[in-house]
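Step one of this worksheet: look at the structure below.
The values are calculated or read from the model by the stated rules, or taken from the named source; none is laboratory data. Bear in mind that the values here come from a model prediction, so they are computed numbers and not experimental data. Cβ atoms come from the backbone with ideal geometry, glycine included; neighbour counts cover every protein chain shown.
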Amino acid sequence: MSLSASQEEIIVRQYVFQPAGEAENDAVHAGLRAYNRKFVPDTGDLSLAVKDADGRVVGGCDAFRMGELAFVDVLWVAEDCRGTGLGGCILDQVEAAAARQGARRVELNTFSFQAPGFYEKRGYRRVGALEPAVGEYGHFFYAKEL
């Protein structure tokens, strides 16, 4: 059966839901950032990775800037490198890059079993909390003016 111009069109869409791999996660992040740029076109990527002399990734940060706001989505340091100052160096790099790009504030979140003390020592102030959020653990929201 074919449709004529006077008949109503029927559009059928099919979706497949599946666990996301790295490529799919990258596509989701890229899609959201593209959407956000429609409203805040002044954006920048602040992400970085840190490798040791053997080329092993020992830390890094997934972060971005929208206008005057920088957001740290993930900051991670390998367990054998914690307590060495590497996390502070990563955060310093991200904050400096954010400031160079025009950011005036950095926001992030962390759980009580992760690094609230680390961020507080680095000048971040808690601006919100959900307690408990996951089991007995709190989820804390931080901001720092640059």
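If the condition is being in contact with a Cys (Cβ under 7 Å, 6 or more places away or on another chain) and in a strand (DSSP E or B), then the stretch 67-95 contributes Val72, Val74, Leu75. Going by the structure shown, is Arg33 touching a strand residue (DSSP E or B) at 6+ places or on another chain (Cβ under 9 Å), in a helix (DSSP H, G or I), charged (D, E, K, R) and without any contact (Cβ under 8 Å) to a residue 60 or more places away in the chain? It is true that Arg33 is touching a strand residue (DSSP E or B) at 6+ places or on another chain (Cβ under 9 Å), in a helix (DSSP H, G or I), charged (D, E, K, R) and without any contact (Cβ under 8 Å) to a residue 60 or more places away in the chain.
Given the structure, is Val58 in contact with a Cys (Cβ under 8 Å, 6 or more places away or on another chain) and over 11 Å from Leu91 (Cα atoms)? Yes, satisfied. Taken over the stretch 41-66, residues that are modelled with pLDDT of 95 or more and part of a loop (DSSP other than H, G, I, E, B) amount to 7. Criterion applied to Arg56, Arg65, Arg125 was being more than 25 Å from Glu22 (Cα to Cα) and of a type in the set (Lys, Arg), and the one residue passing it is Arg125.
Please verify whether Ala20 is among the small types (Gly, Ala, Ser), in a loop (DSSP other than H, G, I, E, B), out of contact with any Leu (no Cβ under 6 Å at 6 or more places or on another chain) and surrounded by 10 or more Cβ atoms within 10 Å (Cβ to Cβ), treating the condition exactly as stated. Criteria met by Ala20.
Among the criteria (1) touching a residue at least 60 places away in the same chain (Cβ under 8 Å); (2) surrounded by 13 or more Cβ atoms within 10 Å (Cβ to Cβ), the one Asp42 does not fulfil is (2). Scanning the stretch 23-37 for residues that are surrounded by 10 or more Cβ atoms within 10 Å (Cβ to Cβ), closer than 30 Å to Glu68 by Cβ and not basic (Lys, Arg) yields Asn25, Asp26, Ala27, Val28, His29, Ala30, Gly31, Leu32, Ala34, Asn36. Name the residue that is farthest from the chain's Cα centre (by Cα), counting only residues in the stretch 45-68 that are within 29 Å of Arg104 (Cβ to Cβ) and either loosely packed, with under 14 Cβ neighbours inside 10 Å or of a type in the set (Phe, Trp, Tyr) (or both). Looking at residues that are within 29 Å of Arg104 (Cβ to Cβ) and either loosely packed, with under 14 Cβ neighbours inside 10 Å or of a type in the set (Phe, Trp, Tyr) (or both), I get Ala49.
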